1. Considering only the range 330-341, state which residues are in contact with a strand residue (DSSP E or B) (Cβ under 7 Å, 6 or more places away or on another chain) and assigned to a loop (DSSP other than H, G, I, E, B).
2. Go through the range 445-455 and report how many residues are assigned to a loop (DSSP other than H, G, I, E, B) and buried (at least 23 other Cβ atoms within 10 Å of the Cβ).
3. Take residue 301 and tell me if it is surrounded by fewer than 16 Cβ atoms within 10 Å (Cβ to Cβ), within 19 Å of residue 213 (Cβ to Cβ), within 24 Å of the chain's Cα centre (by Cα) and at pLDDT 65 or above.
4. Among the strands (runs of 3 or more DSSP E) lying completely within the range 383-444, list those that include at least 1 residues that are in contact (Cβ under 8 Å) with a residue 40 or more places away in the chain, surrounded by 24 or more Cβ atoms within 10 Å (Cβ to Cβ) and in contact with a helix residue (DSSP H, G or I) (Cβ under 6 Å, 6 or more places away or on another chain).
5. Taking the criterion of being within 30 Å of residue 324 (Cα to Cα), in a helix (DSSP H, G or I) and at pLDDT 50 or above, would at least one residue in the range 47-65 satisfy it?
6. Does the range 266-283 contain any residue that is at pLDDT 95 or above, crowded, with 19+ Cβ neighbours inside 10 Å, farther than 30 Å from residue 103 by Cα and touching a helix residue (DSSP H, G or I) at 6+ places or on another chain (Cβ under 6 Å)?
7. With the requirement that a residue be out of contact with any helix residue (DSSP H, G or I) (no Cβ under 8 Å at 6 or more places or on another chain) and crowded, with 22+ Cβ neighbours inside 10 Å, what does the range 344-378 give you?
């Protein structure tokens, strides 16, 4: 839908990320006698799935892999020296000679029985090393934030393509008729480079885009019923509007905008009772609050959203995306130590708490947890103590959901500049994620502008070596 001109205020509202029309659940089309216009919608996976749901922890801004998950002894050995000529020409914002190599900011240590090396930046997550699968050889195609945010979220550098969460909602639907299939919790500190299209539905029907949920008594804007209107009166109003809209829809060819609006009204009505209970964490035990760091002002905010993510997947939400980092986030151009100290302190304990909580509740085996950003950082310094963007080699961490724990896969070169061993392109990562959900990335398609479109475009290979 983003590829076409916006012809009405209704279309603008529906295509804006987090808009009210986004909260319709895909399975409701079958309940109410509707079907996706392409006929490609399926509520069952293509083959037996290892994962039923996903929690994607998106570290916006680009966390530094060689300071967190990818130790490089040569960066210590050659710190302060120029990048060796043997590494060839590389695109940077500054001349290579002006940016000497920068040693890892914190030491790495072997962790757990597996011996995975993880930085001291992450003392809590390090204790979960045997649950982790660290993909060290991920790579993308752009040095810029918006394009890389789009690629990691939608498989394309261009704005307007369906997001990963939208594809999952389209392919599998929701397990709870009272909740959307795809929920997004942005960082409350500010915007995202690339904006809401990162969780948009693109050319997929509008009901598949992510629904923005916030902590507190008003989790979804404009959801609560006005005090002057009773539930019975609201039900009568909705029934009347629904019948009028159905009549209008039956007299015309498929209208994605109108059908999404019809179903949005119905789901919103049900969510008026479901959503407040979902975000009310007062019933959680004190031990759970401590596990997620809710008793610490540094971890309370992100910990609350991680806890809400667990509560959502327990209640049938298929895909939950939690963002860390405001407009700049993990973008450590000036000072890696200062930047990553702040964001690791805010997220390390909540992420580890989430993994432990999922494990003890028996949810981790069929819940895939993803930790990563839009790209990594350069081995060379910037402004003395910072690092520039690096899409040519970086780390993404997976846990649960049918992934082998306690392992690393692939590698970057001796200084962490490029993926050189078993490279994993973003398309490969997406193909693997869909595979874990029981979806064949080549079969999950939607007919648009004369061709069958898919998340992985014309590429993508499943990384079978990491699958249990």
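The values are calculated or read from the model by the stated rules, or taken from the named source; none is laboratory data. In this text the structure is predicted, and so the values were computed from the model without any measurement. Don't worry about glycine lacking a Cβ; one is built from the backbone with ideal geometry, like all the others, and counts go over all protein chains shown.
1. If the condition is that a residue be in contact with a strand residue (DSSP E or B) (Cβ under 7 Å, 6 or more places away or on another chain) and assigned to a loop (DSSP other than H, G, I, E, B), then 330, 332, 333, 334 are the ones that fit.
2. 1
3. no
4. By residue number, 394-399.
5. Yes, because at least one residue in the range 47-65 is within 30 Å of residue 324 (Cα to Cα), in a helix (DSSP H, G or I) and at pLDDT 50 or above.
6. no
7. 344, 378, listed by residue number.
Okay, residues lined up against (1) surrounded by fewer than 17 Cβ atoms within 10 Å (Cβ to Cβ); (2) out of contact with any helix residue (DSSP H, G or I) (no Cβ under 9 Å at 6 or more places or on another chain); (3) at pLDDT 95 or above:
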| position | (1), (2), (3) |
| --- | --- |
| 89 | yes, no, no |
| 93 | yes, yes, no |
| 97 | yes, yes, no |
| 105 | no, no, yes |
| 121 | no, no, yes |
